[in-house]
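**Q** Below you will find the structure I want to go over with you.
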Amino acid sequence: MATRSTDDFDDIILGEKNATSFERPIFYHHYLSVSPLESTSPPIPFSANSTSSTGSNPRRLSPSPSACSENSRRGLLDDGASSISLRTSTSTRRLGLIGTVPTFFVLLISFGFATLIMAWVLTHQDEDPESGGMGIAAAIRNGSFVLNEGKRLDRIDPHVSLRVLMFSALASHLISVTSAFLMTVIAYRAAAQWLSSSENATSSNPTPLQYGLLCRTLGSSNIMAFLKSIQYVLRGPSRRASLPPLFKQALGIAAIIYIFTHTVGGVDIWLHGTTYSTAAMRPQSYTEPAAFGVDFNPTICPDQRAAKAKLPCLCSRDGWAFNYTDIIQAGYSTSFNESGSPFRVITLANESDTAIVIPGFNTNYAEKTFIANTFAARAQCKSINNMCERVPEGTGTYTGNCSNIGYPTIPYILPEDMGIANGVFGFVNGSMAGQAEGIPDFPKGKRLTPNPASLVLQLRWSLHLNTELIVNQGELAVDLFPTPWVTLYATCELAYYNATVQYHPSTDSWDLLNSTLSSPEFTSTLWAPLIYQHATDQITGSVIGIAMKSNAQGAVMAALNQNLGRNALSQVAGVFQPAPANEVYLMHPVVLGLYPAKPLLILIGLLYLYSALALVIFIASCTANYRAIVIPPEMTGREEDSERSALDLVQTYLTDPIPILSESFPACDGKDPQRSVAYDPLDMIYDGEGVGERLRIGLQAGQARFGLWRRTGRESFTL
């Protein structure tokens with residue numbers, strides 16, 4: 001073919017019109033009909049001699065503008081050159097797996113993450129009873145799911161990931177991504193409706209504007225496209241055409257999708273804002289020896305009942321444990337809380353100031369929980385200063401004789417009128433001991449005390465202050481006269497127990513699980529150091545401060561109860577020995593995640609509903625009747641006809657603008673018919689090289705329309 005000048009080319013393209021005016025040339029080409037019936041549009045002539053092998057790319061056959069013009073002159077683009085064209089099949093199809101891939105992805109994200117979160121929550125709930133129980137019902141009752149997030153490596157770095165928050169954030173993000181995939185599934189449903197309504201020219205078909213809005217809404221997850229469609233719907237009937245069912249249904253389902261995705265995001269923020277973590281201790285098995293209990297050393301007193309008629313164990317006229325220096329030293333070491341003491345004695349405020357024996361400082365029971373046997377003591381003291389006879393002295397009074405309340409030997413006066421003694425005295429059936437030799441002061445037959453044991457305390461110390469400075473101070477619990485002495489009188493019931501305790505390392509606290517009164521023989525052994533006055537000075541010193549700053553008997557007696565019980569056990573610590581503990585567990589630190597039940601369950605529910613919605617739309621699309629487009633072998637290079645799903649093609653028209661562009665800018669290579677049924681939208685439009693295939697946008701001289709233009713030549717073009 002002879003080479004033509006640019007002017008000749010422009011003459012062919014522009015039909016020899018004036019260069020300042022432009023008329024688009026008319027090309028006959030095939031437009032894909034959305035009707036399941038046979039297309040009646042004039043088909044483009046297709047030459048069987050054209051290159052159409054299966055290996056060719058229909059997008060990149062690059063005929064030059066001169067070739068296209070020459071083909072036009074030769075009549076190769078003449079409408080009657082060939083009758084080869086696309087057609088629709090005569091049979092309908094149903095139950096095809098349309099939209100399987102996008103639906104599977106939506107279900108994988110929504111149903112998958114909902115199941116993952118629920119499974120993780122139920123399998124990682126904290127089993128400790130303190131967390132309120134297991135299961136969904138327990139979490140609803142308690143208000144939150146308590147999850148064990150894992151063991152902390154050390155106390156310095158307690159950071160542990162809250163996995164459920166990570167899952168929810170990922171699900172929330174991916175759900176917004178899946179909205180675009182779900183829109184393609186909605187487009188299949190709309191495509192089936194459009195194919196059905198296209199059989200007849202009715203108002204059930206969309207207008208061009210409605211089609212454009214559908215394409216924008218279903219072809220992207222852009223909220224602005226959705227709002228533009230809503231803006232159109234809100235226009236009055238006088239400003240828009242009636243809405244076809246497929247438009248209203250597609251827009252309604254799209255609205256539900258947008259609401260779901262943004263609600264999931266809002267609930268995820270709610271969950272993140274209310275979830276918090278806390279540290280806790282949880283048990284694991286401990287197999288090493290654990291001598292955290294306390295028992296009586298039987299080698300000291302092999303048979304306490306055998307000494308029933310004589311003195312209790314370790315008692316003699318010389319003193320208590322007179323030949324056991326180590327026992328006495330251990331008692332004082334425990335009383336003063338020395339670090340080397342094998343035992344300690346503490347009081348439990350929540351158990352009426354009950355004193356218990358626990359392992360000493362050198363015993364490593366930290367981070368272990370256990371149940372152990374031990375011994376306990378509880379004192380209940382009552383002030384009798386104002387119950388006895390009162391003797392006037394100067395401006396005040398002091399305690400005279402207590403015979404009126406059953407204690408005729410109180411106050412106890414030292415022999416030869418040496419003054420009032422400072423002592424702790426035991427009483428058994430009206431007999432008193434402790435004033436001289438200790439337990440031997442009791443008559444024979446009264447040297448075993450019942451349990452609880454009865455004591456009378458007569459504590460005195462020197463004030464060495466002007467009494468006028470402390471007038472009314474402690475007058476209800478102590479005597480300030482005769483000066484310079486301060487005297488306290490009280491009766492006490494002291495009970496000894498065989499006890500069972502439990503240790504909690506998380507709070508470094510002890511619980512008294514149960515207690516039973518000790519036998520009289522054992523009680524008589526334990527209270528003996530008190531009667532021998534081993535703890536009198538410690539008890540006195542512990543109440544002086546309280547007695548001199550408070551005038552309330554309750555405060556003074558409370559301090560006396562605590563210190564009497566503690567010293568009653570401290571002085572006999574030397575007769576104890578370590579004993580194995582039970583149910584020993586090593587407590588390791590963990591981080592607990594507390595997830596509020598309400599937002600977490602709402603999030604899981606929304607994800608399940610989202611997956612159900614996707615499944616319903618998918619089933620509705622799969623069960624739709626549709627026909628196929630038959631592609632002749634001349635267009636594909638195959639030996640027989642092939643078919644292309646009309647439903648799939650219309651779905652592409654509803655989600656992608658490329659098919660419409662292919663109709664607006666046809667090629668002149670005769671391949672537009674097979675391009676219109678290509679599987680990939682990228683193959684639906686000719687994408688050739690050359691200036692003639694490039695688009696320009698703006699106004700053309702002599703034209704009243706702003707738009708896209710593909711012709712290049714002598715025509716005038718302005719922005």
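The values are calculated or read from the model by the stated rules, or taken from the named source; none is laboratory data. Keep in mind that this is a model prediction, so the values were computed, not measured. For neighbour counting, all protein chains shown are included, and Cβ atoms are generated from backbone atoms with ideal geometry for every residue, glycine included. Just so you know, the surface numbers come from the protein's heavy atoms only, side chains and all, with ligands and any DNA or RNA stripped out. Shrake-Rupley method; radii C 1.70, N 1.55, O 1.52, S 1.80 Å.
**Q** Which of the residues spanning region 324-364 are surrounded by 18 or more Cβ atoms within 10 Å (Cβ to Cβ) and in a loop (DSSP other than H, G, I, E, B)?
**A** Across region 324-364, the qualifying residues are 341, 342, 353, 360.
**Q** So, of the residues in region 487-512 that are out of contact with any helix residue (DSSP H, G or I) (no Cβ under 7 Å at 6 or more places or on another chain) and of a type in the set (A, V, I, L, M, F, W, C), which turns out to be surrounded by the most Cβ atoms within 10 Å (Cβ to Cβ)?
**A** Among residues in region 487-512 that are out of contact with any helix residue (DSSP H, G or I) (no Cβ under 7 Å at 6 or more places or on another chain) and of a type in the set (A, V, I, L, M, F, W, C), the one surrounded by the most Cβ atoms within 10 Å (Cβ to Cβ) is 501.
**Q** What are the residues in region 385-406 that are open to solvent by 20 Å² or more (accessible area, probe 1.4 Å) and in contact with a strand residue (DSSP E or B) (Cβ under 6 Å, 6 or more places away or on another chain), if any?
**A** Listed by number, the residues that qualify are 390, 391, 397, 398.
**Q** From the set of residues in region 407-441 that are in a helix (DSSP H, G or I) and open to solvent by 60 Å² or more (accessible area, probe 1.4 Å), which is farthest from residue 488 (Cα to Cα)?
**A** Per the criteria, the residue is 416.
**Q** Moving on. Is it the case that residue 202 is β-branched (Val, Ile, Thr) and over 21 Å from residue 184 (Cα atoms)?
**A** Yes: the conditions hold for residue 202.
**Q** Further, regarding this structure: Can you pull out the helices (runs of 4 or more DSSP H) entirely within region 514-607 that have at least 3 residues that are out of contact with any strand residue (DSSP E or B) (no Cβ under 7 Å at 6 or more places or on another chain)?
**A** Numbers: elements: 520-526, 528-531, 536-549, 553-570.
Passing ranges, in order: 520-526, 536-549, 553-570.
**Q** Now for a separate question. Can you list residue pairs whose Cβ atoms sit under 6 Å apart, with the first residue in region 172-187 being aromatic (Phe, Trp, Tyr) and the second being at pLDDT 85 or above and open to solvent by less than 10 Å² (accessible area, probe 1.4 Å)? Count only pairs 6 or more apart in sequence or on different chains.
**A** Short answer, once both residue conditions are applied: 181/106.
**Q** Within the set of pairs 6 or more residues apart or between chains, which connect a residue that is within 18 Å of residue 121 (Cα to Cα) and open to solvent by 70 Å² or more (accessible area, probe 1.4 Å) inside region 256-284 to a residue that is of a type in the set (A, V, I, L, M, F, W, C) and not in a helix (DSSP H, G or I) with Cβ atoms less than 7 Å apart?
**A** Close Cβ pairs satisfying both conditions: 276/594.
**Q** For the list (1) touching a residue at least 12 places away in the same chain (Cβ under 8 Å); (2) small (Gly, Ala, Ser); (3) over 23 Å from residue 646 (Cα atoms), I need the number of the one condition that residue 252 fails.
**A** So the condition that residue 252 fails would be (1).
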